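The values are calculated or read from the model by the stated rules, or taken from the named source; none is laboratory data. Because the structure is a prediction, the values reported are computed rather than measured. Every residue, glycine among them, receives a Cβ derived from its backbone with ideal geometry; neighbour counts consider all protein chains shown. Note: accessible area is taken over every heavy atom of the protein model, side chains too, but ligands, DNA and RNA are not part of it. Shrake-Rupley method; radii C 1.70, N 1.55, O 1.52, S 1.80 Å.
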Amino acid sequence: MPAAQIDAAVEAANADGVNDLINSLDALNLTLDDPSDQCYPVAIDSLKGFRAVGVCAGHRHSMVLDENGGLYTFGSGANGALGHGDLLGQEFPVKVLEFEKNNIRIHQMSAGVDISMAVSTTGHVYAWGKATDGRIGLGLGKKEITIPRLVDMGEEKFKAVDVECGYVHSIIIGLDGSVYQCGGVGTDGKDDGQQDLDTEEGTRPGYPAKLSGYNIWHRIAEPNEKVIKQKWTKYGKYELKGRSKMMNEGVRSIG
């Protein structure tokens, strides 16, 4: 698109305010939330020479992990999902500096609907993005978290190995196989949250709740069902012979 046409759109929009500027850029297809589809895989030019060991695609943002534990995010920055300290979108992968600044290496990550979570190589869990209803385990009352924050698991020695983000909830898996849930999906007209979870005692609202009866490393003991054995009547050999004789006589009489 000619630069003159872009400049004209920007100047016209500036006269009416920021919202009109954004609308004008959308009309020129310059919005960072590009609605166009890709019908086949296309290499990301900005990642040439970049050795990725993990990728994750969310609702409208994505994450890439490099071989050194560096995390990059791009796409929509709604609710702070990119973790760059603002709500701006990014057209190209940008490194999350909060981790680099604190010498934190990432092992695994997940992107959901405007929410993001990551597990460090030391087993700590970090979360950012939309925090409503405790969906990322950072408590209640927080709406937008724009920089990764450490999730308080309530157990000092807890080590995580995996996280998965959804729409209004997320899951954390512990090294010991334990399963924790943050947030929850409301059913039967109920609000989203953790109200209906079968959790262990001491669960704090808005924080990760340990689910009872779940472990990914082994099966929970199943209840033993009492098997009722049916008793069969045993007949003596003479009685059986007698029955056989009666049946033979009956057959002859019919004949």
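So which residues in segment 118-157 are at pLDDT below 95 and over 18 Å from Gly183 (Cβ atoms)?
Passing the criteria: Glu155, Glu156, Lys157.
Does Val113 satisfy the criteria of being part of a loop (DSSP other than H, G, I, E, B), under 20 Å from Val64 (Cα atoms) and free of Cβ contacts under 8 Å to residues at least 60 places away in the same chain? If you could, list the steps in order and put the result at the bottom.
Details: part of a loop (DSSP other than H, G, I, E, B): yes; under 20 Å from Val64 (Cα atoms): yes; free of Cβ contacts under 8 Å to residues at least 60 places away in the same chain: yes.
Yes, satisfied.
Mind listing just one residue for me: the one in segment 137-190 that is under 11 Å from Ala127 (Cα atoms) and small (Gly, Ala, Ser) and, of those, farthest from the chain's Cα centre (by Cα)?
Gly137
For segment 137-158, name all the residues that are surrounded by fewer than 20 Cβ atoms within 10 Å (Cβ to Cβ) and among the aliphatic types (A, V, I, L, M).
Leu140, Ile147, Leu150 - these are the residues of segment 137-158 that are surrounded by fewer than 20 Cβ atoms within 10 Å (Cβ to Cβ) and among the aliphatic types (A, V, I, L, M).
In segment 21-51, which residue that is at pLDDT below 50 and polar (S, T, N, Q) is surrounded by the fewest Cβ atoms within 10 Å (Cβ to Cβ)?
Narrowing segment 21-51 to residues at pLDDT below 50: 21-33.
Now drop any that are not polar (S, T, N, Q), which leaves 23-24, 29, 31.
Numbers: Asn23: 15, Ser24: 19, Asn29: 10, Thr31: 15.
My answer is Asn29.
Rundown of residues vs (1) open to solvent by 50 Å² or more (accessible area, probe 1.4 Å); (2) over 19 Å from Thr146 (Cβ atoms); (3) out of contact with any strand residue (DSSP E or B) (no Cβ under 7 Å at 6 or more places or on another chain); (4) of a type outside the set (Gly, Ala, Ser), yes/no style:
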{"position": "His61", "(1), (2), (3), (4)": "no, no, no, yes"}
{"position": "Glu67", "(1), (2), (3), (4)": "yes, yes, no, yes"}
{"position": "Gly75", "(1), (2), (3), (4)": "no, no, no, no"}
{"position": "Gly83", "(1), (2), (3), (4)": "no, no, no, no"}
{"position": "Gln90", "(1), (2), (3), (4)": "yes, no, no, yes"}
{"position": "Pro93", "(1), (2), (3), (4)": "no, no, no, yes"}
{"position": "Val96", "(1), (2), (3), (4)": "no, no, no, yes"}
{"position": "Phe99", "(1), (2), (3), (4)": "no, no, no, yes"}
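Tell me which of these Asn103 doesn't satisfy, since it passes every other one: (1) open to solvent by less than 50 Å² (accessible area, probe 1.4 Å); (2) on the phi > 0 side of the Ramachandran plot.
For Asn103, the failing item is (1).
When Lys95 is evaluated against the numbered criteria (1) under 19 Å from Ser62 (Cα atoms); (2) touching a Leu at 6+ places or on another chain (Cβ under 6 Å), which criterion, by number, is the only one it fails?
Unmet for Lys95, out of (1) under 19 Å from Ser62 (Cα atoms); (2) touching a Leu at 6+ places or on another chain (Cβ under 6 Å): (2).
Could you please give the count of residues in segment 119-136 that are part of a strand (DSSP E or B) and either in contact with a Pro (Cβ under 6 Å, 6 or more places away or on another chain) or surrounded by fewer than 18 Cβ atoms within 10 Å (Cβ to Cβ) (or both)? Before you say what the answer is, go through the steps one by one.
So the first thing to find is which residues in segment 119-136 are part of a strand (DSSP E or B), and the list is 119-120, 125-130.
Applying the additional criterion that residues be either in contact with a Pro (Cβ under 6 Å, 6 or more places away or on another chain) or surrounded by fewer than 18 Cβ atoms within 10 Å (Cβ to Cβ) (or both) yields 126, 128.
Residues flagged as part of a strand (DSSP E or B) and either in contact with a Pro (Cβ under 6 Å, 6 or more places away or on another chain) or surrounded by fewer than 18 Cβ atoms within 10 Å (Cβ to Cβ) (or both) within segment 119-136 amount to 2.
Does Gly54 satisfy the condition of being modelled with pLDDT of 85 or more, open to solvent by 30 Å² or more (accessible area, probe 1.4 Å) and not in a helix (DSSP H, G or I)?
Details: modelled with pLDDT of 85 or more: yes; open to solvent by 30 Å² or more (accessible area, probe 1.4 Å): no; not in a helix (DSSP H, G or I): yes.
Considered against the rule, which asks whether it is modelled with pLDDT of 85 or more, open to solvent by 30 Å² or more (accessible area, probe 1.4 Å) and not in a helix (DSSP H, G or I), Gly54 comes out as no.
Conditions (1) outside any strand (DSSP E or B); (2) of a type in the set (S, T, N, Q), marked per residue:
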| site | (1), (2) |
| --- | --- |
| Leu65 | no, no |
| Gly69 | yes, no |
| Phe74 | no, no |
| Asn79 | yes, yes |
| Val94 | no, no |
| Glu100 | yes, no |
| Ile104 | yes, no |
| His107 | no, no |
| Met117 | no, no |
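Identify, from the list Tyr167, Tyr235, the residue that is touching a Lys or Arg at 6+ places or on another chain (Cβ under 9 Å), at pLDDT below 85, open to solvent by 80 Å² or more (accessible area, probe 1.4 Å) and part of a loop (DSSP other than H, G, I, E, B). Reasoning before the result, please.
On the way: Tyr167 fails: at pLDDT below 85.
Being touching a Lys or Arg at 6+ places or on another chain (Cβ under 9 Å), at pLDDT below 85, open to solvent by 80 Å² or more (accessible area, probe 1.4 Å) and part of a loop (DSSP other than H, G, I, E, B) holds for just one of Tyr167, Tyr235, which is Tyr235.
Which residues, taken from segment 60-80, are closer than 12 Å to Thr121 by Cα and in contact with an Asp or Glu (Cβ under 9 Å, 6 or more places away or on another chain)?
Correct list: Gly70 only.
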